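A.B. asks: Quick one: the structure is below, questions incoming.
The values are calculated or read from the model by the stated rules, or taken from the named source; none is laboratory data. Only a predicted model underlies this, so the values are computations on that prediction, with no experimental measurement involved. Cβ sites come from the backbone with ideal geometry, for glycine too, and all protein chains shown count toward neighbours.
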Amino acid sequence: MQNLIIYYSNSNYNKNLALEIQKKLNCDIEEIIDKYSDKEGFKLYFTGGLSTILGKKTEISNLKSRLEEYENIILLSPIWVGSLPPAIKSFLSQNKDKINNLVYISVSGDGHKNTDKALKGIFAQLGKHTEKYLLFTKKEIDNKTYKEQLNKFIADLAN
Ligand SMILES: Cc1cc2nc3c(=O)[nH]c(=O)nc-3n(C[C@H](O)[C@H](O)[C@H](O)COP(=O)(O)O)c2cc1C
């Protein structure tokens, strides 16, 4: 099997992009759930934000997918307080030996300006670099200017 999409999303930007990519690649998909964070409100901003600042991990739901069977794990997540959300840190550190190639895609407030922070965060958990990544702002998603860049990225992945 070639591609598996794994996503973490609270206000659905990364979820919707994950579903769009899933349709294009016709591949498997699974969501990461943070057992200790809510999708919105105080718990998301306070617990999620503070845990991120403190560099904490969290407990995530058990994944059904067998990650090691896929050539590429396409991971989608937001950026929180200049870092990867705790659920993503947990996912990467728990599964680093099962991930063959990591492709990272993100929708966040600052988009590509977060590239260095995201790549540094991935390296810290995975112990290796990620060559393939794409970061969008929420604005680029809202005004649909992301489409051309996404299509080219997906076409390159599929080849
Ligand atoms: C706790 C918290 C902290 C955030 N910190 C940042 C940040 O430092 N930089 C940024 O670009 N966006 C930040 N954001 C905005 C999210 O990255 C953005 O809303 C993202 O698109 C949400 O993705 P989702 O809809 O898939 O959950 C933050 C959001 C939350 C909830």
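A.B. asks: Scan the stretch 135-142 and give yes if some residue there is out of contact with any strand residue (DSSP E or B) (no Cβ under 9 Å at 6 or more places or on another chain), of a type outside the set (Phe, Trp, Tyr) and modelled with pLDDT of 95 or more, otherwise no.
C.D. replies: The answer is yes; a qualifying residue exists.
A.B. asks: Of all the residues that make up the stretch 22-48, how many are surrounded by fewer than 17 Cβ atoms within 10 Å (Cβ to Cβ), modelled with pLDDT under 95 and in contact with a strand residue (DSSP E or B) (Cβ under 7 Å, 6 or more places away or on another chain)?
C.D. replies: Of the residues in that region, 1 qualify.
A.B. asks: For the stretch 131-139, state whether one or more residues are assigned to a loop (DSSP other than H, G, I, E, B) and surrounded by fewer than 13 Cβ atoms within 10 Å (Cβ to Cβ).
C.D. replies: Checked the stretch 131-139: at least one residue is assigned to a loop (DSSP other than H, G, I, E, B) and surrounded by fewer than 13 Cβ atoms within 10 Å (Cβ to Cβ).
A.B. asks: Related question: Name the helices (runs of 4 or more DSSP H) wholly within the stretch 1-117 that hold at least 1 residues that are charged (D, E, K, R)?
C.D. replies: Of the helices (runs of 4 or more DSSP H) lying wholly inside the stretch 1-117, those with at least 1 residues that are charged (D, E, K, R) span 13-25, 86-95.
A.B. asks: Follow-up question, since we're still on this one. Pick from the stretch 113-130 the residues that are in contact (Cβ under 8 Å) with a residue 24 or more places away in the chain and buried (at least 16 other Cβ atoms within 10 Å of the Cβ): which of them is nearest to the ligand (Cβ to nearest atom)?
C.D. replies: Top of the filtered list is Asn114.
A.B. asks: Something else now. Hey, among the residues in the stretch 11-21 that are surrounded by 19 or more Cβ atoms within 10 Å (Cβ to Cβ) and of a type outside the set (A, V, I, L, M, F, W, C), which one's farthest from the chain's Cα centre (by Cα)?
C.D. replies: If we take residues in the stretch 11-21 being surrounded by 19 or more Cβ atoms within 10 Å (Cβ to Cβ) and of a type outside the set (A, V, I, L, M, F, W, C), then Tyr13 is farthest from the chain's Cα centre (by Cα).
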